Amino acid sequence: MQNLAWVMLGCALGGMARLWVSNIVGHRLGEAFPWGTLVVNVTGAFVIGIIAAVAASGEGWFGEPTTWLFAGIGFLGSYTTVSAFSLQTLFLMQSGQRWQAAGNVALSLGLCLPAAALGLLAGTGLTAMG
């Protein structure tokens, strides 16, 4: 139950951070391109890399499993999911699984973009019915 609490706390803070960063960047650079989301995704990917490297050392605060639950899964999972995707793809590449890494990228883009389009279409249809 304590592990769940750490994830929940991280999610709450990560979601708020995502909104804050995305809004600030969007207001400064404009909304014509999703700059806010891009900045969130890039910074999230960068931060998860740092946390993973420090956690792998097993030393300090980030060496604790609860820290990964809070920061890696909770905060960054809520802040951006592309951070986990980026780290997993990087791990595949580092372990010599280049085809799997390329497949992860291709499948993620090839499936997630159409899924988002279908979801948008379905949601639009549902709201038109209601």
Requested in this report: Considering Cα pairs under 8 angstrom that are at least six residues apart, work out the relative contact order of the range 9-74 and quote it in whole percent.
Outcome: 38
Query raised in the report: How far, in nm, would the chain grow between Val105 and Thr124 when pulled straight, counting 0.36 nm per residue and subtracting the alpha carbon separation?
Result: 4.1 nm
Query raised in the report: For labels at Phe46 and Ala5 in the simple 7 Å Cα→Cβ model, what's the distance in nm?
Result: 3.4
Report summary line: 1/(1 + (r/R0)^6) with r = Cβ-Cβ of Ser95 and Glu64, R0 = 22 Å, i.e. FRET efficiency to nearest 0.05, evaluates to 0.35
Query raised in the report: What residue among Gly96, Gly77, Gly15 has the largest mean-square fluctuation in a Gaussian network model of the chain, using Cα springs under 10 Å?
Result: Gly96
Requested in this report: Decide, for the range 1-70, between rounded, prolate and oblate: order the square roots of the alpha carbon gyration tensor eigenvalues as a ≥ b ≥ c, take rounded if a/c falls under 1.5, and otherwise choose prolate if a/b is larger than b/c, else oblate.
Outcome: oblate
Query raised in the report: Of Gly44, Gly58, Gly119, which is the most mobile in a GNM of the chain whose springs link Cα atoms less than 10 angstrom apart?
Result: Gly119
Query - Computed P(r) (all Cα pairs; the chain; 10 Å bins; percent) - result: 12, 30, 36, 18, 3, 0
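The numbers here are math on the coordinates, done by the rules we state, and not lab data. Since we're looking at a predicted model, the values are computed, not measured. Cβ: placed from backbone, ideal geometry, glycine included. Neighbour counts: every protein chain shown.
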